[in-house]
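Working notes, structure below.
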Amino acid sequence: MKPETLVTTLGREPEAHEGVVNAPVYRTSTILFKTLAEFETCERGDGVRPLVYGRTGTPSTRALEESLAALDGSDHAMLTCSGQSAIVVLLHAMLSSGGHLLLPDSLYATMRKYCIEELPRFGIEVEFYNSCIGKGIAEHIRPNTQLIYCESPGSHTFEMQDIPAIVEVARAHKIPVAADNTWATPLYQNTTKLGVDIAINACTKYIGGHADIVMGLITCSKQYYPTIRRTFRNMGICPGSEEVFLCARGLRSLPVRLKQHQQNALSIAHWLREQPEVERIFYPALPDDPGHALWKRDCTGASGLFSFELKPVSKKQLAAMLDHMQLFGMGVSWGGYESLILPFRAQRKATPQWQPKGPTLRISTGLEHSDDLITDLAEGLKRMKAAA
Ligand SMILES: *Cc1c(COP(=O)(O)O)cnc(C)c1O
């Protein structure tokens, strides 16, 4: 079945609920056992995943996990209380003292901070590589490398990574590869097919899609599931029941939303490219983007998040633009139905040559009409010029 059909059919069982189309929200801490024997079986685990306790899964979490694993083409899925907590579970599961972790330079900023500020205390060496390195990753591998992490396209500057090339090198060294797929979602980039062992998604963004939840997802192959599942349980990280319901609801419309996000982003990016105030655009869906060929090869679509660099302007000019936007809100997060714009300063270690001349802004295109969004931006640029 195609993804559009999968997201509308998976994870619900009307027959089990008197014909009710949607599965109910299971709010619980306690799950009762009928007999001592049943309790003992559940407590042992025995390879299956019985419902034991609210924190370790309910029928709602299980249904959503199974839907997302199917959509991703991976064997297993685990839901967490945020994208960041999914990352932390993954790192704690895969790394140990004395190990070495390889990270792309265009990594999501909060993960970057976590790796720099927390991991060294546990004796883990963290190294950043140029995101566009491809098979050159081989030169960074050490005998103690425990995980290679990817994020394609990268945060803020949207570098596409040659994931299959990195996977090929990693396989030769028997090193697992994990990738953050929040930008493309499992719908527009199948990381499983690209050879990635473990994928991270912040459901907070497109999968939830309505700016009303914070949630994370880990999907992985059979091989790594027992290890990650163990750490996941031990860390006690779980999403709330309301969040799971809202995420499952958001998922149903993901394909139509992404289509519109993409169309709006393309319209706006093409328009911005023609504006004299704009220096460059970072969006792999544009034919002249350095990552375009890889994007075409590895993705089936682009989401609505991209960036652009302005020609140098004063802080006052930038404020004149951003302080009075009618439709674009100024806020972190992205992937919701409402458009956002935010200035950013990307931190780069392995690619110090990246030095923007003017301010850089990230846009998350919502589901408004692109004509209205372009008008809002045009007015903003006008205010910026007038404030010179
Ligand atoms: C937002 C984000 C995360 C973290 O998700 P939260 O739900 O905010 O913790 C991880 N990766 C990327 C690429 C993100 O944009």
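The values are calculated or read from the model by the stated rules, or taken from the named source; none is laboratory data. Small disclaimer: the values here were computed from a predicted structure and weren't measured. Note: ideal-geometry Cβ built from the backbone for every residue, glycine included; neighbour counts use all protein chains shown.
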>> Need pairs with beta-carbon distance below 9 Å; first residue within 18 Å of Gln262 (Cβ to Cβ) and within region 200-224, second acidic (Asp, Glu) and near the ligand (Cβ under 10 Å from one of its atoms); sequence gap 6+ or separate chains.
In response: Asn201/Asp180
>> Just to be sure I understand, how many residues within region 205-230 are touching a helix residue (DSSP H, G or I) at 6+ places or on another chain (Cβ under 9 Å) and either closer than 17 Å to Ala184 by Cα or surrounded by 18 or more Cβ atoms within 10 Å (Cβ to Cβ) (or both)?
In response: 17
> In the set Ala285, Ala269, Ala248, Ala293, which member is of a type in the set (A, V, I, L, M), under 18 Å from the mean Cα position of the chain (by Cα) and either modelled with pLDDT under 95 or under 21 Å from Thr157 (Cβ atoms) (or both)?
Replying inline: Ala285
> In region 231-243, how many are surrounded by fewer than 17 Cβ atoms within 10 Å (Cβ to Cβ) and out of contact with any helix residue (DSSP H, G or I) (no Cβ under 8 Å at 6 or more places or on another chain)?
Replying inline: 3
> Mind checking which residues of region 69-86 are under 19 Å from Asp212 (Cα atoms) and either assigned to a loop (DSSP other than H, G, I, E, B) or of a type outside the set (Gly, Ala, Ser) (or both)?
Replying inline: Leu79, Thr80, Cys81, Ser82, Gln84
> From the list Leu187, Leu246, which residue is in contact with a His (Cβ under 9 Å, 6 or more places away or on another chain), within 16 Å of the ligand (Cβ to nearest atom) and more than 19 Å from Met111 (Cβ to Cβ)?
Replying inline: Leu246
>> Every residue in region 11-37 that is among the aliphatic types (A, V, I, L, M) and touching an Asp or Glu at 6+ places or on another chain (Cβ under 7 Å), please.
In response: Ala23, Val25
> Residue check: is Thr41 touching a residue at least 12 places away in the same chain (Cβ under 8 Å) and not in a loop (DSSP other than H, G, I, E, B)?
Replying inline: no
>> Quick check on my filter: what residues within region 69-84 are out of contact with any Asp or Glu (no Cβ under 7 Å at 6 or more places or on another chain) and within 15 Å of Arg229 (Cβ to Cβ)?
In response: Ser74, Asp75, His76, Thr80
> For the subset of region 167-183 comprising residues that are more than 10 Å from the ligand (Cβ to nearest atom) and in contact (Cβ under 8 Å) with a residue 40 or more places away in the chain, which member is nearest to Met78 (Cα to Cα)?
Replying inline: Ala178
>> Exactly one of these conditions fails for Cys42: (1) buried (at least 17 other Cβ atoms within 10 Å of the Cβ); (2) out of contact with any Phe, Trp or Tyr (no Cβ under 8 Å at 6 or more places or on another chain). Give me its number.
In response: (2)
> In region 190-215, which residue that is in contact with a Ser or Thr (Cβ under 6 Å, 6 or more places away or on another chain) and among the small types (Gly, Ala, Ser) is farthest from the ligand (Cβ to nearest atom)?
Replying inline: Ala199
> When you scan region 52-83, how many residues do you find that are on the phi < 0 side of the Ramachandran plot, away from the ligand (no atom under 16 Å from the Cβ) and not hydroxyl-bearing (Ser, Thr, Tyr)?
Replying inline: 13
> Can you find even one residue in region 226-238 that is without any contact (Cβ under 8 Å) to a residue 60 or more places away in the chain and assigned to a loop (DSSP other than H, G, I, E, B)?
Replying inline: no
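The rows are residues; the columns are (1) closer than 21 Å to Asn234 by Cβ; (2) surrounded by fewer than 17 Cβ atoms within 10 Å (Cβ to Cβ); (3) over 28 Å from the mean Cα position of the chain (by Cα).
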position: Val7; (1), (2), (3): no, no, no
position: Gly19; (1), (2), (3): no, yes, yes
position: Arg27; (1), (2), (3): no, yes, no
position: Leu32; (1), (2), (3): no, yes, yes
> Do any strands (runs of 3 or more DSSP E) entirely within region 303-388 hold 1 or more residues that are touching a Ser or Thr at 6+ places or on another chain (Cβ under 9 Å) and surrounded by fewer than 17 Cβ atoms within 10 Å (Cβ to Cβ), and if so, which?
Replying inline: 340-344
